[in-house]
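Student: Let me give you the structure first, and then I'll get to my questions.
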Amino acid sequence: MKKVIVVLVALFVCLAVCMGAFACNNAATRPQQTQDPVDKDSSQSADQDPVGAKETYTVFAPDGAPSLALAKMMKDNAAVAGHAMDYRIIGAANVAASMINGDADFIIAPTNAGVMQSINTDNYYMLGVTSWGNLYIVTTNDGYEALADNATTADAAAFLAQFAAKSISSIGNNQVPDNSLKYLLGLQNVDCTVADGVDAATIQADLIAGSVDCALLGEPAATATKALLAKNGVTNYRILGSLSAVWQSLTGLAYPQAGIFVKKSVAADQAFIAAFESTLAASIDYFNASAANAEELGNYMQSREDNSLKGAIVKQCYLRTAQSYRSASAAKEDVKRLVGVLVPRLADGNYDGVFYQAQ
Amino acid sequence: MTASSTKRNKAARIAGYIWRRHGGTLLALAAIALFLGAWELVAVGLKKEYMLPRFSAVCVAFGRLWGTPSFYRDTFATLLRAICGFAIAFFAGAAMGVAGGVFSKFRAFCKPLVAFFRAAPTMGLTLVIMVWLRAKYTPVCIGFLMVFPVIYTTVADSIATAPRDLLQMAKVYRMPLSKQIRYIYVPHAVPMMFSACSTAFALNIKATVSAEILAHTVGSIGVHMTNAAADLLDGTAMLFAWLLVAVLLSVLAECLLKLIERLCLRRYGNAIV
């Protein structure tokens, strides 16, 4: 009896210690940072402070290409205007949740989702656009023509027309990629079946198997697919053209795929926001400056182990990830056009209050 | 009898002894070997590493894991989340199970709640809970929701089905409640509890890792699986390696519970005269 009690007590003590360690220890679940954030709780809402000042601000980015805009800032653990920043990679499914529960002071989100949550929560402004389209139509079929550089409207129309009576497998079922492609095909009355490919890995497997010969993939997956297909004996893989180029040619507007959103209480400090925008723009410029820089940041992101980016792939496709910063007020028309297509109830564009305006 | 026939008889007796004592283990090992052999053959025949990597490639990837610091940190973090979820569910389930076993009205009251927890799709609940809680607490909550109905039902059932004749005898001899609990209820409940805990912990680990994948909980087995799955070029073997890690965690936990069960049953087997 004593032995049993001793074993059970030991087990419960271990459990209690484990629970205590789990409850207290945040460091084990965070990616490496070059310096620790200062002591104030970074998830504390700035609403509690009437002036809106915090010592540490959280900056979230979803896994994948959108996080590359912040890569330099993450690598340097850059402070902004004297404030420490806590940079985190989250899952794509967590973006809405992070905005709803107000965890993120800054967050990179798909434009449509970010605008919707900004309106729903009335807690965020759109600060600017960071990604101008990383979606590409790819194929293993030699019969398709690639989209010309600096395509005109006629070029884009002819490009889409070749998919008539064909099938394109798309990522993002009923989300930005899928709905954007369907919109453009509908605009040109091209009768093409957009099959739901579920995710990039499934589409890659289908391309290898030959059950699909045309797909819509995002970078860096579109570039990674080339090596994967070559390894499996498929050597005629090509990137035909950028969805954002087709969008621009047909609508006359740019394709603001992802943007940075800021909590309204944080945006009250305009000097801080200006400094953040400047740091973000510099981070993106550094990423775009050369393949070596892109590889350096890609390798850093790979080392974090909280995202799926690979340095060698990022190096090859960094320009195709289309990272560039423009303020939301300057990109308003582009944003409204895209959001109007993806979220029909916002087609009237009556949400100017979502766009951050420096006073 | 010749020397060779004596030796043969001795070998046969030894083999028979080993088979009687460890036949189950040998059969299990044979099944594992057969499964792994079939896996390797199919992988070699399929020649599609991105779909089914060879077992040898998975072993190499598994070996590489042990050299990375994040492996220990993140595996421990996942185990901690699983244990937290299990512990909270165990205490809550046991407490409510006692109430449910003693008071039939309470049990009837809890029935819809338990049925909901049991039937609700785990992934759907994860999506909802991600909004309520942070990504690092979502797996703990999902683990709790997976284990709670099992523990509650087991405890409530074990109390409700305690041997009536012994309880009547305890009443006749005016046995104190503490002794009734110690000598009647606990020995009746312990075997059922251990069986339930063993099943529940395995389910708990599965649910915790699944929730980590969906919630993208940083510093977890789930995130490593997500990242490996995104890389069909080199990542499939690593994905299988992480799967193996999750399975081993489950198996180790089950072995530990079996050991504790054996110790308890050895003692409680003599509790009822």
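Student: If we keep just the residues of the stretch A:219-242 that are of a type in the set (A, V, I, L, M) and in contact with a Phe, Trp or Tyr (Cβ under 7 Å, 6 or more places away or on another chain), which is farthest from the other protein chains (Cβ to nearest Cβ)?
Tutor: First pass over the stretch A:219-242, keeping only residues of a type in the set (A, V, I, L, M): A:221-222, A:224, A:227-230, A:234, A:239-240.
From the residues that got through so far, the ones that are in contact with a Phe, Trp or Tyr (Cβ under 7 Å, 6 or more places away or on another chain) too are A:222, A:228-229, A:239-240.
Numbers: A:Ala222: 13, A:Leu228: 5, A:Leu229: 10, A:Ile239: 17, A:Leu240: 21 Å.
Within the stretch A:219-242, the match that is farthest from the other protein chains (Cβ to nearest Cβ) is A:Leu240.
Student: Continuing with the same structure: So, in the stretch B:44-66, exactly how many residues are among the small types (Gly, Ala, Ser) and within 14 Å of chain A (Cβ to nearest Cβ)?
Tutor: Within the stretch B:44-66, residues that are among the small types (Gly, Ala, Ser) and within 14 Å of chain A (Cβ to nearest Cβ) number 1.
Student: Quick one: in the stretch B:48-75, which of the residues that are outside any helix (DSSP H, G or I) and of a type in the set (Ser, Thr, Tyr) is modelled with the highest pLDDT?
Tutor: For the stretch B:48-75, the residue satisfying everything is B:Thr68.
Student: Further question: I'm checking my understanding of the structure. Among residues of the stretch B:198-227 that are at the interface with another protein chain (Cβ under 10 Å from one of its Cβ atoms) and among the β-branched types (Val, Ile, Thr), which one is nearest to B:Pro149 (Cα to Cα)? Quick ask: steps written out before the conclusion?
Tutor: Residues of the stretch B:198-227 at the interface with another protein chain (Cβ under 10 Å from one of its Cβ atoms): B:212-220, B:222-224, B:226-227.
Checking the rest, the ones that are also among the β-branched types (Val, Ile, Thr) come to B:213, B:217-218, B:223, B:226.
Numbers: B:Ile213: 23, B:Thr217: 25, B:Val218: 28, B:Val223: 27, B:Thr226: 29 Å.
The extreme case among them is B:Ile213.
Student: Something else now. Just to be sure before I move on: is B:Glu40 away from chain A (no Cβ under 14 Å) and either in contact (Cβ under 8 Å) with a residue 24 or more places away in the chain or surrounded by 14 or more Cβ atoms within 10 Å (Cβ to Cβ) (or both) in the structure I sent?
Tutor: yes
Student: Of the conditions (1) without any contact (Cβ under 8 Å) to a residue 40 or more places away in the chain; (2) under 28 Å from B:Thr68 (Cβ atoms), A:Gly349 clears all except one; give me its number.
Tutor: Condition (2) is where A:Gly349 drops out.
Student: OK, next. Go through the stretch B:56-99 residue by residue and tally those that are of a type outside the set (Phe, Trp, Tyr) and closer than 30 Å to B:Ala162 by Cβ.
Tutor: Looking only at that region, the number is 13.
Student: Same structure, new question: Quick test for you: out of B:Arg13, B:Arg107, B:Arg8, B:Arg20, pick the one residue that is closer than 30 Å to B:Ala207 by Cβ and charged (D, E, K, R).
Tutor: Sole residue among the options that is closer than 30 Å to B:Ala207 by Cβ and charged (D, E, K, R): B:Arg107.
Student: For the stretch A:70-103, give me each residue that is within 11 Å of chain B (Cβ to nearest Cβ) and under 17 Å from the mean Cα position of the chain (by Cα).
Tutor: A:Arg88, A:Ile89, A:Ile90, A:Gly91, A:Ala92, A:Ala93, A:Asn94, A:Val95, A:Ala96, A:Ala97, A:Ser98, A:Met99
Student: Could I ask something else about it? For A:Tyr356, are the conditions met, namely being buried (at least 19 other Cβ atoms within 10 Å of the Cβ), of a type in the set (Phe, Trp, Tyr) and away from chain B (no Cβ under 14 Å)?
Tutor: Taking the combined requirement at face value, the residue satisfies it.
Student: Check the stretch B:159-174 and report whether any residue there is touching a Gly at 6+ places or on another chain (Cβ under 9 Å) and surrounded by 22 or more Cβ atoms within 10 Å (Cβ to Cβ).
Tutor: Filtering the stretch B:159-174 for residues touching a Gly at 6+ places or on another chain (Cβ under 9 Å) gives B:159-162.
Those left that are additionally surrounded by 22 or more Cβ atoms within 10 Å (Cβ to Cβ): none.
Checked against the condition, which is being touching a Gly at 6+ places or on another chain (Cβ under 9 Å) and surrounded by 22 or more Cβ atoms within 10 Å (Cβ to Cβ), the stretch B:159-174 yields no hits at all.
Student: In addition: Determine if the stretch B:248-270 includes at least one residue that is modelled with pLDDT of 90 or more, of a type in the set (Lys, Arg), in the same structural domain as B:Leu80 (by TED's automatic domain parsing) and at negative phi.
Tutor: no
Student: Would you kindly identify the helices (runs of 4 or more DSSP H) lying entirely within the stretch B:176-259 that contain at least 1 residues that are of a type in the set (Lys, Arg) and touching a residue at least 12 places away in the same chain (Cβ under 8 Å)?
Tutor: So the answer is B:186-215.
Student: For the condition touching a residue at least 24 places away in the same chain (Cβ under 8 Å), crowded, with 18+ Cβ neighbours inside 10 Å and over 26 Å from the mean Cα position of the chain (by Cα), what is the one hit in A:Tyr144, A:Tyr125, A:Tyr136? Show your work before the answer.
Tutor: Working: A:Tyr125 fails: over 26 Å from the mean Cα position of the chain (by Cα); A:Tyr136 fails: over 26 Å from the mean Cα position of the chain (by Cα).
Exactly one of A:Tyr144, A:Tyr125, A:Tyr136 is touching a residue at least 24 places away in the same chain (Cβ under 8 Å), crowded, with 18+ Cβ neighbours inside 10 Å and over 26 Å from the mean Cα position of the chain (by Cα), namely A:Tyr144.
Student: Taking the stretch B:5-43 as the region of interest, how many residues are within 25 Å of B:Val251 (Cα to Cα) and of a type in the set (Lys, Arg)?
Tutor: Within the stretch B:5-43, residues that are within 25 Å of B:Val251 (Cα to Cα) and of a type in the set (Lys, Arg) number 2.
The values are calculated or read from the model by the stated rules, or taken from the named source; none is laboratory data. All figures in this text were calculated on a predicted structure; none of them were measured in a lab. Neighbour counts run over all protein chains shown; Cβ positions are idealised from the backbone, glycine included.
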